[in-house]
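The values are calculated or read from the model by the stated rules, or taken from the named source; none is laboratory data. These figures come from a predicted structure and were not determined experimentally. Because the Cβ atoms are built from the backbone with ideal geometry, glycine has one as well, and the counts that use them run over all protein chains shown. Only protein heavy atoms, including side chains, enter the accessible area calculation; ligands, DNA and RNA are left aside. Shrake-Rupley method; radii C 1.70, N 1.55, O 1.52, S 1.80 Å.
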Amino acid sequence: MTDHRPMSRRSGRGIYLLPNLITTLALFFGFYAVVAAQSGAYETAAVAIFVAMVMDGLDGRVARLTNTQTDFGVQYDSIADMISFGMAPALVVFLWALDDLGELGTVWDKLGWVGAFIYTACAGLRLARFNTQVGVADKRYFQGLPSPAAAAVLAGMVWSGDRLEFGGWPAGIPALALTIAAGVLMVSNVRYDSFKEIDFRYRVPFVAIVLGVMGVALMSVHPPLVLFGIALTYLSSGPILTVLRRRRRRKRRHAG
């Protein structure tokens, strides 16, 4: 979810081509992910969602750099996010594994599509809440799991599972739990770091470069698992840090 909400209102009926073209690309890859999943190309579908995330990260930056931020771009970006990070991941994971839960019985069959719907609905609610909190919320944190991060969890899971030839109803049970968890965390009050305070213009310790090189090397070994691991770590970081912060507050209260 790109934070490129309107800084100023533009007059006239025209729209700016470049940022909206990039948003259209994000929308396209989200749509293509569903088409690919329907054909059984789950790896391609997962990769398409990750490409949509890259496009979503670019459109806001391009709009700010070219000073082409508009209300139209904001609304269009939200619609694209809903398709690419709400509807597409839910349908991809449903076609990959949740639909096969029907083999376990009628109840499981219903749980499969209900879980996918819960994720989709939560993504819509997350985006609506984000739009209403622009200019008010603390930019250092996201309230609730960002929709692109939630989409990365599902896409990474599908990509990894497809590479490891793990699918069907055995994958459907953990996939259902993770899909619902990602949806619930999107609409929760759990805070997630936005990393917007990181300034790449300043010098960093040498060890940071070493860790970066090791990360790239690890990524080349098995990209799906590494991306899934990163997404899952970020998903887990919110609840873990929330618990730690509450414990610190309790200790301070008792100490005072």
*R0 = 22 Å: FRET efficiency of SER220 with VAL54, Cβ-based, nearest 0.05?*
0.75
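Sort 107-118, 180-191, 242-253 for me by packing, meaning the mean count of neighbouring Cβ atoms within 10 Å per residue, highest on top.
Highest-to-lowest ranking by the protection proxy: 180-191, 107-118, 242-253.
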*Would you mind giving the three semi-axes, in whole Å and largest first, of the ellipsoid equivalent to the range 73-165 according to its Cα gyration tensor?*
29, 14, 11
*Which net charge results for the neighbourhood of GLY112, defined as the other residues with beta-carbon distances under 14 angstrom from its beta-carbon, given Lys and Arg at +1 and Asp and Glu at -1?*
-3
*Using 0.36 nm per residue, how much length does the chain from THR24 to ARG248 gain when fully extended, once their Cα-Cα distance is taken away?*
76.2 nm
*Each label point is 7 Å from the Cα along the Cα-to-Cβ direction; what then is the distance between the points at LEU104 and SER237, in nm?*
3.1 nm
_How far apart, in nanometres, would the label points at LEU17 and LEU65 be if each is projected 7 angstrom from Cα along the Cα-to-Cβ direction?_
1.8 nm
*For ARG191, which sequence-distant residues (separation of 5 or more, or a different chain) have an amide H within less than 5 Å of its own amide H, given hydrogens modelled in the peptide plane?*
GLY144
*Leading residue at positive end of dipole, the chain (Cβ point charges), from VAL93, LEU241, ALA48*: LEU241
_Point-charge dipole on Cβ atoms (K/R +1, D/E -1) for the chain, about Cα centre, debye to 20_ = 1900 debye
*Could you calculate the contour length gain from ILE230 to PHE195, that is, 0.36 nm times the residue separation minus the distance between their Cα atoms, to one decimal place in nm?*
11.1 nm
*If you work out semi-axes √(5λ) of the Cα gyration tensor in Å from the coordinates, which of (i) 35, 22, 17; (ii) 29, 25, 20; (iii) 29, 20, 18 do you get?*
(ii)
_Can you sort ILE79, ILE173, ILE49 by solvent-accessible area, 1.4 Å probe, largest first?_
ILE79, ILE173, ILE49
